[in-house]
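Reading through the structure tokens given below for one structure.
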Amino acid sequence: RVPGTVITGDRDDDGMKEIYVFTLSGDSVLLHVIPDYREAGIPPGNRYIARVGKRNNKSDPYIIPAEMDDLTGDGIKELIFGIGTGYSLKPRSVFAWNAVCDTLVISPESGYFLQGILQEDIDGDQEKEIIPYGYAASNVRDSAIPYPDRNTWLMVLNRKLLFAFNPLAFPGQYSNLKPVVLSGNHHAPILAAL
């Protein structure tokens, strides 16, 4: 779960991985960054990320780590991660945080139960798309929430965390979807769902 969840990554390719720690304070997921563990002092912290929903007065968020990538082309990699939930339902999104500008980009609202994030170049442009995947947990009862978890969904996000195409539903309560990218010599990559 979120309290004390840690991700490491080297955002500026200087050979030193920064430490990113997620905590839960009340109904808020916060991010704390330790840019250099060798330096003494209190690291910058309390970067608000998202509000977590509650069901039966409980929240159940979890962090889904992903590979850092320079989504904006400024030479600094964004911290890419997902936040998933069980019965508390929100958020179920992918996030990209730019440490230099302190900007946060969030994928479109979704009720999909996230389990992982695949990052692969599926269109041959030498830049990786972001492909969240998950499980048809059937926790979402609200018909107003898009992409409910009664289905699994094939979702592909571009580098602005917008859908590259409308998500494709794979009906089947309690089903799983695992995307894979198949590539070979002289052929365009093929995105498949298992």
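The values are calculated or read from the model by the stated rules, or taken from the named source; none is laboratory data. Small disclaimer: the values here were computed from a predicted structure and weren't measured. Glycine gets a Cβ as well: all are built from the backbone with ideal geometry, and neighbour counts include every protein chain shown. The accessibility values were calculated without ligands, DNA or RNA, using every heavy atom of the protein model including side chains. Shrake-Rupley method; radii C 1.70, N 1.55, O 1.52, S 1.80 Å.
Could you tell me whether region 97-119 includes any residue that is of a type in the set (Asp, Glu), farther than 21 Å from ASN158 by Cβ, within 18 Å of the chain's Cα centre (by Cα) and exposed (fewer than 15 other Cβ atoms within 10 Å of the Cβ)? Working first, answer last.
Restricting attention to region 97-119, the residues satisfying the condition of being of a type in the set (Asp, Glu) are 102, 109.
Still in the list and also farther than 21 Å from ASN158 by Cβ: 102.
Those left that are additionally within 18 Å of the chain's Cα centre (by Cα): 102.
This time we only want the ones that are exposed (fewer than 15 other Cβ atoms within 10 Å of the Cβ), so: 102.
Checking region 97-119: at least one residue is of a type in the set (Asp, Glu), farther than 21 Å from ASN158 by Cβ, within 18 Å of the chain's Cα centre (by Cα) and exposed (fewer than 15 other Cβ atoms within 10 Å of the Cβ).
List the strands (runs of 3 or more DSSP E) inside region 75-176, counting only whole elements, that have at least 2 residues being without any contact (Cβ under 8 Å) to a residue 40 or more places away in the chain.
Numbers: elements: 79-84, 93-98, 103-106, 113-120, 129-135, 151-154, 168-171.
Qualifying strands (runs of 3 or more DSSP E): 151-154, 168-171.
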Check your understanding: When only residues in region 120-141 that are within 18 Å of PRO65 (Cα to Cα), out of contact with any Lys or Arg (no Cβ under 7 Å at 6 or more places or on another chain) and open to solvent by 40 Å² or more (accessible area, probe 1.4 Å) count, which is modelled with the highest pLDDT?
Key -> LYS128
Revision key, fill the gap. When ILE83 is run through (1) surrounded by fewer than 22 Cβ atoms within 10 Å (Cβ to Cβ); (2) under 23 Å from THR5 (Cα atoms), the failure sits at (1)
Check your understanding: Counting just the residues of region 181-192 that are open to solvent by 40 Å² or more (accessible area, probe 1.4 Å) and within 23 Å of the chain's Cα centre (by Cα), which one comes out modelled with the highest pLDDT?
Key -> LEU182
